[in-house]
1. Which ³J(HN,Hα) values, rounded to whole Hz and listed in residue order, are derived for the stretch B:315-324 from phi using the Karplus coefficients 6.51, -1.76 and 1.60 in 6.51 cos²θ - 1.76 cosθ + 1.60 with θ = phi - 60°, glycine and proline given as x?
2. I need the fraction of alpha carbon pairs in the stretch B:220-267 separated by more than 14 Å, rounded to a whole percent.
3. Tell me which DSSP H helices of chain A clear both cut-offs, 24 Å or more of axial length from alpha-carbon atoms and a mean Kyte-Doolittle hydropathy of at least 0.0.
4. Count, for each residue of A:421-431, the Cβ atoms from other chains sitting within 10 Å of its Cβ, then give me the mean as a whole number.
5. Give me the net charge for the shell around A:Ser483: Cβ to Cβ below 10 angstrom, other residues only, Lys and Arg +1, Asp and Glu -1.
6. Over all Cα pairs of the stretch A:422-501, how is the pair count split among 10 Å bins, expressed in % and running from 0 up to the last occupied bin?
7. At R0 = 45 Å, how high is the FRET efficiency between B:Arg257 and B:Val194 if r is their beta carbon distance? Nearest 0.05 is fine.
8. Taking N as the number of residues in the stretch B:5-53, what is its Cα Rg relative to 2.2 N^0.38 Å?
Amino acid sequence: MTVPKRIGKIRFGLISPQEFRKMSVVKIITADTYDDDGFPIEMGLMDPRLGVIDPGLRCRSCGGRPGECPGHFGHIDLIAPVIHVGFAKLIRKVLRAICRDCSRLMLKENEKNMYLEQIQTLERLGQMTDDVVNKVFSEARKNKNCPYCGAPQQEIKFERPLSYIEEGHKLTPSDIRDRFEKIPDDDIQVMGMNPATARPEWLILTVLPVPPVTMRPSITLESGQRSEDDLTHKLVDIIRINQRFQENREAGAPQLIIEDLWELLQYHITTFLDNTVSGVPPARHRSGRPLKTLSQRLKGKEGRFRGSLSGKRVNFSARTVISPDPNLSINEVGVPMDVAMELSVPMLANARNKEQIKTFVRRGPDRHPGVNYVTRPDQRRIKVTDKNCEEVAEQIDIGWGVDRQLADGDIVLFNRQPSLHRMSIMSHRVKVMPYKTFRLNPAVCPPYNADFDGDEMNMHVPQKEEARAEAEILMRVQENILSPRFGGPIIGGIHDYVTGSFLLTHGTKPIDRQGVMELLKKFEVSELPAPAGVTDKKPYWTGKQVFSLILPRGLDLNFKADFCYNCDVCKGEDCENDAFVVIRDGQLLKGTIDAEAVGAFKGKITDRIIKEFSPSVASEFLDRMTRLALRGIMYAGFSFGIDDEDIPKEAAEQIDDTTRTAREKVQQLIEAYNAGELEPLPGRTLDETLEMRIMQTLGKARDTAGKIAGRYLGLDNSGVVMAVSGARGSMLNLTQMAACVGQQSVRGERIKRGYAGRTLPHFRRGDLGAEAHGFVESSYKDGLNPTEFFFHAIGGREGLVDTAIRTSQSGYLQRRLVNALQDLEVKYDGTVRETRGMIVQFQYGEDGVDASRRDYASTDNVLRIIKNVLKKESA
Amino acid sequence: MRLSDKEVLERLDGLDLPQSIKEALQAGLQGAGVSEKQLEEIIAQVAADYEHSRVEPCEAVGVVAAQSIGEPGTQMTMRTFHYAGVAEINVTLGLPRLIEIVDARKIPSTPTMTIRLNQDYAHDRDLAREVAWAIESSSILHLGSIATDLAEMNVIIELNPGAMEQRKITSTEVAERLKEETGLSVDQKENVLVMAPEESSYRELLQLVEKIKRISLKGVEGIKRVVIRKEGDEYVLYTEGSSLKKVMQFDGVDPTRIKTNNINEIGEVLGIEAARNAIINEATDTLREQGLSVDVRHIMLVADIMTVDGEVKQIGRHGVSGEKASVLARAAFEVTVNHILDAAIRGDVDDLKGVTENVIVGQPIRLGTGDVTLVASKR
């Protein structure tokens, strides 16, 4: 094996005209591209020596075919020097800092040495030299006379975009270049430049590089017409003006015309380099679209740096819609057959797998799992077809490679954008399935933040052994159950999994043998636990017993369930609501399993299992839990319909009463306010106080309405089960559906805008009442009246705008954070350092503890160890 | 044989474990009466668990920290204003506040201070109120009314004796302050002050009124409002506006328990370590208020990178990212073209050590598994 080559460093610098002429393959003199026969014109902009883009031709410089030949630079000799826009500011600074006669930097020898030393120290430390260099320029500029030749200095005025005016005369680029040429090397260093890589006179162009055709390919339109790249257009302009300039000068044209042409040449070269310079009108295409020139190609999100260099494109990937499949393990992904037959994993034939590979090849490309390509030992690739597969299979021998189609058990990476954290890309085991979507266990939705309303996800197939090993050891779903953000489980039950567990384990409903069998259908359970009791001579079990079957032995745990009512005095194990979970040696003795126990982001049980046992035990538990929970929900039966939002008549009356009294109270407040009897809250104006009091009153009314509705909606209501168990929705959602939607707000205040002094024209001006400012008294079930509906839409719109803005803002925050921190790494000595080796932290997080394993170093863990050791002794 | 607490303590003292774990051990073993064998077993287990919890070398902790703080950002509210602690004072919270912290803004959009008082003052409502009056900056509008007389072309200020009494300022003092700030003469008749602009024009007159309104006559400039609240058994002052250095010196103020949300101010007054802690505290509070749990270690790392070289630097183009060693990394972030042009004239060398640079040139990055090299031992 060859050791892979590594690029060690990249040095940046300016290119000198001499060097450039040396590396140029052709001098471009004609502005034309192709002749009438469609062949590139020699010494034109499409000279065949610049590289090839047309298929079938070969590069005249390197002999490469299109795709092989990287392209070669040509050059244009400029008739007169021209300023490089990017350096306009620097040229100004240098001009002002050097003597107009002797071109020396106008600082005394000792000052120069001092600054040079500072610059060199900073460079050695890898720090920015900008501050010192700017000081050099500003100090040097202060001199009225040159300290060396004594020549008096004139102020140089700079006019945007590119004029330098001295004593009322415009300095031509030639003048500037002459001055710069005389600057001694030592002075250049003090100005923060490296004379070896960047002499100041090179800031002024005398020769213009012509980029190879490979970076400005022309496109042939359907009509057979050629359409040239923006850069080519710009180069055509430059050559034309350059020629005209030359002709005019040789013909001895008047100074005025020469100057105009010079300026025009400057304009074209400026826009060739950067088409967005302020003060320079952008060069436009015939259609009026501004041209995309060099600096536009580099800049921005879709530019070369961010778009092409930092964002690479890949092969061996697939993308399709995702859908749920609870029967898959959390470590698996269902891959459609079509995808599996297209993607492949390379295999190298050796003595052990030769025969196996042959059988794969014999299957051809159309019978899964087959082979799409084989690679002969001489690296020639042969496409396997239905016809040649037998023949090729016979030839397979040690040293041959095959591209085997993706099959069950292969490791792939699975990803959903936006990839906000590392759990957005995890590795799964392939399970090839019929139909056209990727399938995944809904328990892994939270880390991907996926749902199934049309989300698409990407899959990547690692092609190397090293990559597969890393994917399997570090990136597997089960290795990522714990989030490094807070050290808790991020994978766990959602929606029906939580509801199912809740329904199964809540209370001690008896389940007969048949029911238990039904629930455990998908599990390998050889023996049932002892029945919880006998009724009608038939033994029965409880849901808690059934759930215990999937808990690992040796698990001990106590915690409050999600639906705990937070009573004033917690009765702990004696909780009458069955909201205190007690697990002893893997037996669920008391309490109900809900979101707190198995849910994503909470999952106390998952958390304990992964920390006390291992990730594989935890993933096993999650797999079994998801299956059992679905059996549980199916066994109990579960549905939610419009009639689940019904509340009894007396409840509706009570709610009406509440809202009526609330409205009256608001009216009283308004009257008190009008009468001037309202006491302002400290630090608030009277108006603000009134608003706050009204909001309070109405908020309380909604809560009371909710409570009334809640009293009549018990655990026999599916909505309540979902809200209480943490599966989906909240009691607030139910309140809004069944009782009262409540106050609509914009920016935390009641709705005020609209017409002068009123929100809608059918209210009185200055009406401060509840209805006039967006209090929605109806419930969603009853339906909203037109004004309520309108106010609700206003409140809803704010939410939408909010989300839209938030995503862009937090996206940028994330990008900045990642960019600032990405190079930090824990070194072998435990320090955190960046690329220069600068220590950012002497010990990571002050204690060297990994955030996702922080529980092992927690006080709780220490106390548990002490307890266990002491218990062992006494036993 | 049981070990005494002292013996246990001595044994724990020599351990190479973080302080928090040692403290937990101490607390757990206090009076437990362990035997030496038990103690050794406990220590061995704790040490093993600690070893297990340690970060692995080459771990890309930076990226993890950035993601851990950035990812919850999507879940935060945009609601700028919220009432934190006191209903009377608005504070920026949520995503805008987090962005503000990371941006290292010179002045936050809603600067506030929490001032706790000395023991002698903290329990006395009147004394607390006195301190509050002294700190709160008083403008002319707090003390009386201001009017213009267009006939005489002058400004008439009528001071309210009650208000002045409360804020402990006399009309002569007010006149002095106005003279000092405007440089104009002030005609004082009891509680009525009359001033005229230099040039008697309508515009000048109105400008003078505006200027007078802005002058801080007493108290700390920039502190627009002070609210007193009782917390537990002590009175605490909350302010709108912040001026740490000045407020710290007031009589009655406990300078060790004073807080401000202006991180830069903390950096200037108390030093960079204090600024680092302020960043950690502010970010943690902002995230916690939104109900998001993020491990401190991530926030610490952000705070540390912002403060490593002695001044509070922004996360972004004008701070950390803009001062990176690598040209390519800077160019790939923002202001691409300028970075490349500058690098060219300086003759910079990119050592290709960071992540972006290596992605750009297409070779494995030197981080995580990419930073591991195998060393074979000689047999």
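1. Along the stretch B:315-324, the couplings run 7, x, 4, 8, x, 3, 5, x, 10, 5 Hz.
2. Details: 610 of 1128 pairs.
Everything past 14 Å amounts to 54 percent.
3. Values: long enough: A:230-250 (30 Å, -1.01); A:255-273 (27 Å, 0.58); A:615-636 (31 Å, 0.27); A:649-674 (37 Å, -1.19); A:686-712 (40 Å, -0.51); A:786-821 (52 Å, -0.11).
Passing helices, by number: A:255-273, A:615-636.
4. Working: counts 8, 6, 2, 2, 0, 0, 0, 0, 0, 0, 0.
Other-chain Cβ atoms within 10 Å of each residue's Cβ, averaged: 2.
5. On the way: positive: A:Arg422, A:Arg485; negative: B:Glu71, B:Asp295.
Value of the local net charge: 0.
6. 15, 44, 34, 6, 0
7. That gives a FRET efficiency of 0.50.
8. On the way: Rg = 10.1 Å, N = 49, 2.2 N^0.38 = 9.7 Å.
That works out to 1.05 for the stretch B:5-53.
Every number in this text was worked out from the coordinates using simple rules, so none of it is lab data. What you see is a predicted model, and the numbers here were worked out from it, not measured in a lab. Neighbour counts run over all protein chains shown; Cβ positions are idealised from the backbone, glycine included.
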